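Reviewing the structure listed below.
Where a number appears in this text, it was derived from the coordinates with a stated rule and is not lab data. Fair warning: this is a prediction, and the values are worked out from it, not measured in the lab. As a convention, Cβ positions derive from the backbone with ideal geometry for all residues, glycine included, and neighbour counts pool all protein chains shown.
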Amino acid sequence: MALLELKKLVKAFGGLLAVNDVTFQVEKGEIFGLIGPNGSGKTTIFNCINNFFPITAGDVLFKGQSIKGLKTHQVCHLGIGRTFQVVKPLARMTVLDNVTASAFCRVNTIKEAKEEALRVLGFCSLLSEKDKPAKSLPIGGRKRLEIARALATKPELLLLDETAAGLNPSELDEAIALIRKIRENGITILIVEHIMKVIMTISDRIHAINFGQTIAQGTPKEVANNRAVIEAYLGEEYAQG
């Protein structure tokens, strides 16, 4: 049984079909990449999974059970965490307090929440920044803080939305290492990413969409050599021999 399954997912905004009949499964323990041009429906799929947007048609199953119609916080409590493309930490609060707030998803006391927050900050290499205001972090630090906040909810499945955007080359390598470490700790990952160095390096399988519809799925090599993906998104330079 797949950990996450999308069945003929449709999301319409008026007459616009942002997501049109998308089906895929994410298996427990894998890193599953979701790619496509800007505006192809990737973040909309994330928003449907955690019910930030209500689904127009189709279904989303988590561990074999439909989560269609649940509240966003209920989806989080079930074990689906996510980051956002535009990171918006609680700017005037410290890094530690940002993550402590997320930890209350699973614990009931300040002591427990801070202990979990400190553990997660150590995992994300942010412990030295714990007492700084979140707004003072550079983009790389804010991206890691976004991941830390999601991890503090103790997800089984983590949705990562353009975690590597805006990072320099050394920060990209650190992001790849962190994503792999998250998977090594038993968390399944569904990732949206435009930076091909990241998505092609870490993904076990990739699902490509364009104009809200599936155009390819397979291993990174299979997707990179798919003519529809090359024409719609990658360009000839990403075809792999």
Measuring from its Cα centre, the range 64-115 shows a charge dipole (+1 at each Lys and Arg Cβ, -1 at each Asp and Glu Cβ) which, in debye to the nearest 20, is 180
Sorted by chain and number, the residues with a modelled amide H under 5 Å from that of Gln213, at a separation of 5 or more or across chains, are Asn20
Here the tail fraction of P(r) beyond 14 Å, over all Cα-Cα pairs of the range 98-188, rounds in percent to 64
The range 82-134 and the range 177-222 have their Cα centres apart by a whole-number Å value of 26
What helix-only [θ] at 222 nm does the chain give? Using -39500 (n - 2.57) per DSSP H run of at least 4, over all residues, to the nearest 500, the answer is -9500 deg cm²/dmol
Which residues qualify? For Leu126, with a placed amide H closer than 5 Å and at least 5 residues away or on another chain, they are none
Of the residues Leu137, Leu160, Thr100, the Cα lying farthest along the dipole of the chain towards its positive end, which is defined by charges on the beta carbon of Lys, Arg, Asp and Glu, belongs to Thr100
Stokes-Einstein, Kirkwood over Cα pairs, the range 115-241, 20 °C, 1.002 mPa s; D in µm²/s equals 135
Each label sits 7 Å from Cα toward the beta-carbon; between Glu231 and Phe104 the label points are separated, in nm, by 5.3
For the chain, percent of DSSP beta bridges that are antiparallel (nearest 5) comes out at 55
In debye to the nearest 20, the charge dipole size for the chain, taken about the Cα centre with +1 at each Lys and Arg Cβ and -1 at each Asp and Glu Cβ, equals 740
For the range 147-241, whose charge dipole is built from +1 on Lys and Arg Cβ atoms and -1 on Asp and Glu Cβ atoms, the candidate among Ile215, Thr188, Asn226 with its Cα farthest towards the positive end is Thr188
Sorted by chain and number, the residues with a modelled amide H under 5 Å from that of Phe84, at a separation of 5 or more or across chains, are Asp161
Along the range 72-78, Karplus-curve 3J(HN,Hα) (6.51, -1.76, 1.60; θ = phi - 60°) to the nearest Hz, with x for Gly and Pro, reads 4, 5, 5, 4, 4, 5, 5
Quick calc, the range 1-68, dipole around Cα centre from Cβ unit charges on Lys, Arg (+) and Asp, Glu (-), nearest 20 debye, gives 120
